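Notes follow once the structure below has been shown.
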Amino acid sequence: MILSVGYRVNSKRGTQFRIWANRVLKEYLIKGYALNEKKLFEREKELRALKTGIQLLERSILNQARGLDQAQSLARIIADFSQGLSILDDYDNQRLDATGRTEKEAASISYEECKEVIGQITDEFNSALFGHEKDESFHSSIGQIYQSFSGKDLYPSLEEKAAVLLYLIVKNHSFVDGNKRIAAAIFLYFLDKNGMLYREDRTTLIDGNTLASLTLMIAESNPKEMETVKRIIMSILNRSR
């Protein structure tokens, strides 16, 4: 009915409709289907992000895993995220999370607090160099997650702040020894101070093996892969609650 009326309307608008309809019909006749190119492009980008994340985790298994338990933990994360690799009708529900779910003002953690946390765990590691700072980058990593622009947080959700904090401390190599262990401890401290470390049943939001796997994955990643790494961490935090 729409086509029939559209082809009988004698006006400028009717002419525009006929030009558009002819083009769409031609695409159907030649291709057999019409493509939503923008949506397809977004799905292709998402697929590339998923593949990059899985490749990162695979590299961690090959290069960083120190034992069978750790390798199994990494493999489990790969299995969880590889479910989204098929471009199917339900693809939109299986993509990596681009944002965190908890958008509220974060409880601030200070450089001095974090130094106290490091002091509390120093005795657990037999290293005279553990926790010795090489430069000011650790102080910068903490402050960066609270940055804002035009009155809006650059990292609006608690999950995103936590992901960026873990990433920066690992990748900045601020310490002579213990970068990954310190990053993991401060990450847990941030989650705990913001009421996110434990679920309602008092189980931890993220287990030790998963945390170790994530820190290894960050250490193995390239700087250009930061966004993918961040989205993997946020996805785990979002879906573990």
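Just so it is clear, none of the values below were taken in a lab; they were calculated from the coordinates. Every value quoted in this text rests on a predicted model; they were computed, and no experiment measured them. Cβ placement follows ideal geometry from the backbone for every residue including glycine, while neighbour counts extend to all protein chains displayed.
Can you tell me how segment 95-227 classifies by the Cα gyration tensor, rounded, prolate or oblate, using a/c under 1.5 as the rounded cut?
rounded
Could you calculate the FRET efficiency of R23 with Y198 from 1/(1 + (r/R0)^6), where r is the beta carbon distance between them and R0 is 45 Å, rounded to 0.05?
Efficiency computed from Cβ-Cβ geometry: 0.20.
Skipping prolines and chain starts, which residues have an amide H placed within reach, meaning under 5 Å, of the one on L197, given they are 5 or more residues away or on another chain?
D192
Given a Förster distance of 51 Å, report the FRET efficiency between K224 and N10 from their Cβ-Cβ distance, rounded to the nearest 0.05.
Given R0 = 51 Å and the Cβ-Cβ separation, E is 0.35.
By how many nm would the segment from D135 to R241 lengthen if fully extended, with 0.36 nm per residue of separation less the alpha-carbon distance?
Separation in residues times 0.36 nm, less the Cα-Cα distance, equals 34.6 nm.
Find how much the distance from E113 to F149 grows on full extension, using 0.36 nm per residue of separation minus their present alpha carbon separation; answer in nm with one decimal.
Between E113 and F149, full extension yields 10.4 nm more.
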